[in-house]
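The values are calculated or read from the model by the stated rules, or taken from the named source; none is laboratory data. Only a predicted model underlies this, so the values are computations on that prediction, with no experimental measurement involved. Note: ideal-geometry Cβ built from the backbone for every residue, glycine included; neighbour counts use all protein chains shown.
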Amino acid sequence: MLLLYSIISVVVLVILLCFIILLLEKILGFSGEVEVSVNSEKTFKAKRGLKLLPVLAENNIYLPAACGSKGNCGRCRLKVISGGGYPTALEKISLSEKDIKEGLRLACQVKIRENLILDIPKELLNARSFNAKLIEIKDLAYKIKGLRFKLEDGEKLNFEAGQYIQITKDLPRERAVRAYSISSSPNIKDEFTLDIQLVDGGLMSSYLHSLKLDTIISFCGSFGDMYVNSENKSDCFLLVAGGVGLAPMRSIISYLIENSSKSKIILFHGVRSKKNLYFENEYKKLQKDNSNFEYYPVLSEPALEDGWIGKTGLVTQALEEYLNEKNIISSSLQAYLCGPSKMMEVTTKLLLEKGIESSKIHSDPFSF
Ligand SMILES: Cc1cc2nc3c(=O)[nH]c(=O)nc-3n(C[C@H](O)[C@H](O)[C@H](O)COP(=O)(O)OP(=O)(O)OC[C@H]3O[C@@H](n4cnc5c(N)ncnc54)[C@H](O)[C@@H]3O)c2cc1C
Ligand code: FES
């Protein structure tokens, strides 16, 4: 009997405590939900304890997030006007002191704890989510596949030449989000192509290389500041790509040629050996047919059987020799760089030394 009384007392006590907690939450505003306000235009509820980046995506606000929320690409930055708590150690590495003072934060690192007031650049609010069907697979080069997708439901993808999308897929080890540059022309809106390099042990690139025709993928976009559109007027576009960094350049070249640009277009493409080179024949033909297009493939380690008679060494060395020989540098020259971080670092240094203003050097590293 005593045991029954004890059990009943405990149960009553627990119910009473729960009731008091719920009452306090209601009175003091400690409910499981908070309010998130974006640019004083959009407000939505969000659960406490969740990370801000996926919550924004659930509310149709897609920020660039090229490192898959690891906190090291710095692309998911936004301004937290109030309610973000203190920056994490990772944010202190990715953001400068000045950024932090101005209230910049990484959405992938901000944990929702209280009401939030956010300021997100307007152009980022244009990104949307889409589904697309794989309609063509091509072997472009060693470990590089060209995948062509058609947008579902008659949707159109608006993007600028040089921009990228983010593919999301629940894979065995994680919910993977990775960035891929669009390699097709922005003049085609219902289809697009990606050039995907297989990274050994890479989650998303292995998944994309294993895709079968008719598979539907989900992605959001478009993103990126490295692009060419009708506002970028220049006498000369200098494009420097390393490996699969050719992808955004392919889009830029298509855009310029299709729009009958009179600008000079100079493409340097650095790869290890001939098997890593792609679109060589197409660009050789384009060079023949267009007096304003110059193409320089550069092999850093040509194999004996390559029989290579073109430029060799690092792409930056070949570019330096070219710049020393030809007088192409003018105040209107715009340079676009894409590839491994090291190549981009060295090329940027070279271009600055040659007197090109930093505002005319546009780049998007594939690694971070
Ligand atoms: C803006 C942007 C645009 C991009 N566009 C393209 C594109 O057009 N085509 C394309 O193929 N890739 C592109 N990438 C790279 C792509 O987003 C992925 O990082 C890449 O596919 C590897 O992802 P994963 O999931 O296969 O590898 P993960 O599972 O993320 O990595 C597996 C291992 O490989 C290492 N690793 C990751 N990336 C590379 C790399 N590139 N080279 C060598 N080792 C690596 C990692 O450090 C890790 O140890 C782009 C990246 C950015 C930021
Ligand atoms: S997603 Fe890369 S830093 Fe946030």
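Select from the stretch 64-87 the residues that are more than 13 Å from ligand 1 (Cβ to nearest atom) and in contact with a helix residue (DSSP H, G or I) (Cβ under 6 Å, 6 or more places away or on another chain) and write down the one among them that is nearest to Arg105 (Cα to Cα). Among those that are more than 13 Å from ligand 1 (Cβ to nearest atom) and in contact with a helix residue (DSSP H, G or I) (Cβ under 6 Å, 6 or more places away or on another chain), it is Pro87. Any chance the stretch 40-55 includes a residue that's within 16 Å of ligand 2 (Cβ to nearest atom), surrounded by 20 or more Cβ atoms within 10 Å (Cβ to Cβ) and either among the acidic types (Asp, Glu) or touching a residue at least 60 places away in the same chain (Cβ under 8 Å) (or both)? Checking the stretch 40-55: at least one residue is within 16 Å of ligand 2 (Cβ to nearest atom), surrounded by 20 or more Cβ atoms within 10 Å (Cβ to Cβ) and either among the acidic types (Asp, Glu) or touching a residue at least 60 places away in the same chain (Cβ under 8 Å) (or both). For the stretch 206-307, the strands (runs of 3 or more DSSP E) that sit wholly inside it and include 1 or more residues that are under 24 Å from the mean Cα position of the chain (by Cα) are 216-223, 236-242, 264-271. If you go through the stretch 317-368 and keep only what is in a helix (DSSP H, G or I), among the basic types (Lys, Arg) and loosely packed, with under 15 Cβ neighbours inside 10 Å, you end up with Lys342, Lys349.
Taken over the stretch 168-193, the residue count meeting the criterion of being surrounded by fewer than 22 Cβ atoms within 10 Å (Cβ to Cβ), part of a strand (DSSP E or B) and touching a helix residue (DSSP H, G or I) at 6+ places or on another chain (Cβ under 7 Å) is 2.
Would you check if Glu160 is touching a Phe, Trp or Tyr at 6+ places or on another chain (Cβ under 6 Å), surrounded by 15 or more Cβ atoms within 10 Å (Cβ to Cβ), charged (D, E, K, R) and not assigned by TED's automatic domain parsing to the domain that holds Gly49?
The answer is yes for Glu160.
Hey, among Gly32, Gly83, which residue is over 25 Å from the mean Cα position of the chain (by Cα), surrounded by fewer than 16 Cβ atoms within 10 Å (Cβ to Cβ), of a type in the set (Gly, Ala, Ser) and more than 16 Å from ligand 2 (Cβ to nearest atom)? The match here is Gly32.
For the stretch 88-97, a residue qualifies if it is exposed (fewer than 15 other Cβ atoms within 10 Å of the Cβ) and touching a helix residue (DSSP H, G or I) at 6+ places or on another chain (Cβ under 8 Å), and exactly one does: Lys92. Against the list (1) over 22 Å from the mean Cα position of the chain (by Cα); (2) assigned to a helix (DSSP H, G or I); (3) aliphatic (A, V, I, L, M), the condition Ile135 fails is (2).
Quick check on the stretch 194-216. Is at least one of its residues assigned by TED's automatic domain parsing to the domain that holds Glu136 and within 22 Å of Glu258 (Cβ to Cβ)? Yes, because at least one residue in the stretch 194-216 is assigned by TED's automatic domain parsing to the domain that holds Glu136 and within 22 Å of Glu258 (Cβ to Cβ).
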